[in-house]
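*Asks:* One structure follows; several queries about it will come next.
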Amino acid sequence: MKEIKEKNLNQKNEEEIQNNNKNIFIPGKNNYIIDSKTVLGKGSFGKIYLGTIKTTGEEVAIKLESARAEQPQLIYEKKIYDLLKGNIGFPKIYDFFSESKYNALIMERLGKSIESLFNEYHKKFSLLTCIMIIDQIVSRIEVLHSKNLLHRDIKPDNFLIGRGNKKNVIYAIDFGLSKKYRDSRTGLHIPYRDGKDLTGTARYASINTHLGVEQSRRDDIESIGYMMVYLMKGSLPWQGKVNSNPKKKYDTIKKIKIERKLTDLCEGLPKECIQFIQYARDMRFEDKPDYKFLKKLLHKMAKRNGLIMSSSKFDWIIPEDNKIENK
Ligand SMILES: Nc1ncnc2c1ncn2[C@@H]1O[C@H](COP(=O)(O)OP(=O)(O)O)[C@@H](O)[C@H]1O
Ligand SMILES: [Mg+2]
């Protein structure tokens, strides 16, 4: 039986897997069962399926990439996850393998993305929840930067909550666009460059990224700033600028980002939001972000609004859920 399934799988491509209603056995170092009916998420180059480790019954997430992908990135992503291993807020990686039809990354199954939770909550999170999400994201990006890497695609879809007693942990995922910004041995920073195409997601891209400047740590921070405003306000002023021509659409987004005063962008929000984004925009190309300062701004925001940061207070955590460890 197993053998037949293995054979079948080898003859299928990824699109066909989702049409197969039976569980499929994937040959690998360990044995995993992929639940082809349950898609946990769709990415830009593949899908993430629910799976189980055959021997233990533990649930996993399986990210698949077509082996014919022009620019395979899953193996690269796996290496980044390996570098981040052991740090809180990054998913565990169980395995990676390549087959004739696809590459598979077997990872810890996480909960919903901040984007899907936000939609479930009708685009309204409490101020405390917004502050605590951003606070954890600053910590994740600090770890990532300490490993000589940039994220370059910071957005609510790329941060997930954990499951069970880890619902109070915000996980960083999706290192498909990640880039090394300095040499791990010499510490030498990548050179300043311009004329680059936009990498990442226009809605959260920094102004310098729109202007074609090579990204560095400052751009991750600026994107966190826009994500913060998005969560606190429910939208960003450059959202929904539809144009069949992506170049024109990006130009409109860039124009609004440059022209809109930060006081207007952050109208009605705690004043620390302006300081956060202004700080990111004032950084020079090679500057190391002052993560402590950014976190202080967030703590001040909470304090001034009479809020006490405690991760059991995320909007999606029900008070009776006493399994949550408070960190
Ligand atoms: N480990 C995981 N557990 C649960 N869902 C996941 C996991 N990894 C990814 N997803 C879901 O799949 C989506 C796409 O995954 P992602 O790695 O961001 O792919 P892409 O690089 O194509 O954007 C995520 O936004 C999330 O909803
Ligand atoms: Mg993604």
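*Asks:* Could you list, ordered by first residue, the pairs with Cβ atoms under 6 Å in which the first is in segment 165-192 and closer than 21 Å to E214 by Cβ and touching a residue at least 60 places away in the same chain (Cβ under 8 Å) and the second is within 16 Å of ligand 1 (Cβ to nearest atom) and not small (G, A, S), at least 6 apart or interchain?
*Replies:* Going by the 6 Å Cβ cut-off, the qualifying pairs are D174/N158; F175/E77; F175/I80; G176/Q73; G176/E77; S178/I80; S178/L149; S178/H151.
*Asks:* Now for a separate question. Please find, within segment 137-158, the residue that is farthest from Q215 (Cα to Cα) out of those that are more than 15 Å from ligand 2 (Cβ to nearest atom) and part of a loop (DSSP other than H, G, I, E, B).
*Replies:* K147
*Asks:* Among residues belonging to segment 31-46 that are within 8 Å of ligand 1 (Cβ to nearest atom) and not in a strand (DSSP E or B), point out the one that is surrounded by the fewest Cβ atoms within 10 Å (Cβ to Cβ).
*Replies:* The qualifying residue surrounded by the fewest Cβ atoms within 10 Å (Cβ to Cβ) is S44.
*Asks:* Looking at E142, E58, E70, E120, can you tell me which residue is out of contact with any Pro (no Cβ under 7 Å at 6 or more places or on another chain), at pLDDT below 90 and surrounded by fewer than 22 Cβ atoms within 10 Å (Cβ to Cβ)?
*Replies:* Answer to the check: E70.
*Asks:* Among the numbered conditions (1) polar (S, T, N, Q); (2) farther than 21 Å from A172 by Cβ; (3) modelled with pLDDT under 95, tell me where T199 comes up short.
*Replies:* Going through (1) polar (S, T, N, Q); (2) farther than 21 Å from A172 by Cβ; (3) modelled with pLDDT under 95 one by one, T199 breaks only (2).
*Asks:* Residues of segment 210-230 being surrounded by fewer than 21 Cβ atoms within 10 Å (Cβ to Cβ) and touching a Pro at 6+ places or on another chain (Cβ under 8 Å), which ones?
*Replies:* Residue satisfying the conditions is E214 alone.
Okay, residues lined up against (1) among the small types (G, A, S); (2) in the same structural domain as I154 (by TED's automatic domain parsing); (3) without any contact (Cβ under 8 Å) to a residue 24 or more places away in the chain:
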| site | (1), (2), (3) |
| --- | --- |
| Y226 | no, yes, no |
| Y230 | no, yes, no |
| G234 | yes, yes, no |
| V242 | no, yes, yes |
| K247 | no, yes, yes |
| K254 | no, yes, no |
| E259 | no, yes, yes |
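Rundown of residues vs (1) part of a loop (DSSP other than H, G, I, E, B); (2) more than 16 Å from ligand 2 (Cβ to nearest atom); (3) under 20 Å from L149 (Cα atoms); (4) in contact (Cβ under 8 Å) with a residue 24 or more places away in the chain, yes/no style:
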site	(1), (2), (3), (4)
I48	no, no, no, no
L83	no, yes, yes, yes
I88	yes, yes, yes, yes
D95	no, yes, no, yes
I106	no, yes, no, yes
N119	no, no, no, no
L128	no, yes, no, yes
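*Asks:* Quick one: D220 ticks every box in (1) touching a helix residue (DSSP H, G or I) at 6+ places or on another chain (Cβ under 6 Å); (2) at pLDDT below 95; (3) among the acidic types (D, E) except a single one, so which number is it?
*Replies:* Only one criterion is unmet by D220, namely (2).
The values are calculated or read from the model by the stated rules, or taken from the named source; none is laboratory data. A quick note: this is a predicted structure, and the numbers were derived from the prediction, not measured. Positions of Cβ are backbone-derived with ideal geometry, glycine not excepted, and every protein chain shown enters the neighbour counts.
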